[in-house]
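A short worksheet on the structure shown next.
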């Protein structure tokens, strides 16, 4: 076996999530060969990877959302790797932005960081954990407000 | 953290798989060979992405012990993939007496591989602590280590609890933050190492060298992480209450 290009393209977590979900459906439908010894490794890795990715914000993304996000990102002048991290992680604080954008203190002003955060949080849907927290917050609010 | 890797490989299709759709046979063979395996200097293979091209299909009479039989180039390469259920009899093959035909096809394909780039931020779970550092897992990938010097400083190893602790200093004094197993942790990938674990004698000079003998099996692919920056470490350290 030969590797022609070890870095042909970067994949977002969302793309891998879609691929693995489709693969799971396909294999469920075709049934029979799933448990043969040769397929154990594929079963294990796809199960574990899907489990991991499902807990990240990409779970609620769609091709349209990703496209909208990348278009909105054009004005911020970030590298591909930086945009990918924002897409995968959906940062909600300035500290996280500073981790993912190299030399952010020199390249972005505070207002620009705020604008970036706003773009990220408004276009990308919240991850499963953030949603859980949001639901809990809503519940507490209901409890506080009897009316 | 995932990349697409272009590869080329020969896949051998045995006769009893001829009846299935060829693409499925090939996908299954490639996944059997690569899924959940580390390719040296490439990463951890997850699953097949697509097949981009096929080349030089060889059909040769029989297999088994003898490899001196001549390979007969197949003239119907393109149509092979379009045949719904080719029976061996329909292919232009030669077969001697009791030998059955085998298909040997060279494929160009793309595979999804886990290979975070240098400085990438990842979130994982603490698997445990040891004097070597904090061990982190992503579920599908386990070999991530954050060495003591890359922890939030000052840090100390609690021998009794077998856990690393960040002695976070505030005006009131030091506040011990424990790095417990199961906690979610955000870290930066600062280094990676590939070890050629194929059993072909002593490791080459390029492989990760260790001055001492390694008594246990070495992981073929390990990542080194760091949490020594604001925002890194346990997620609970940085979420606003």
R0 of 30 Å, Cβ-Cβ distance residue A:40-residue B:180: FRET efficiency to nearest 0.05: 0.40
Estimated distance in nm for a label pair at residue B:238 and residue A:10, the labels positioned 7 Å out from Cα along Cα-to-Cβ: 1.8
Shielding by partners, peptide A:7-20 (average Cβ within 10 angstrom, other chains): 5
Burial ordering of A:59, A:90, B:12, fewest other beta-carbon atoms within 10 Å first: B:12, A:59, A:90
Inter-probe distance in nm under a simple model that places probes 7 Å from Cα toward Cβ, at residue B:33 and residue B:162: 4.1
Distance (nanometres) between label positions extended 7 Å along Cα→Cβ at residue B:108 and residue B:40: 2.5
If the convex hull is drawn through the Cα atoms of the range B:107-193, its volume per residue in Å³: 115
Ranking of A:76, B:175 by count of other Cβ atoms within 10 Å, fewest first: B:175, A:76
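Taken together, the values in this text are just the output of simple stated rules run on the coordinates, not laboratory data. All of these numbers come straight from a predicted model, not from anything done at the bench. For neighbour counting, all protein chains shown are included, and Cβ atoms are generated from backbone atoms with ideal geometry for every residue, glycine included.
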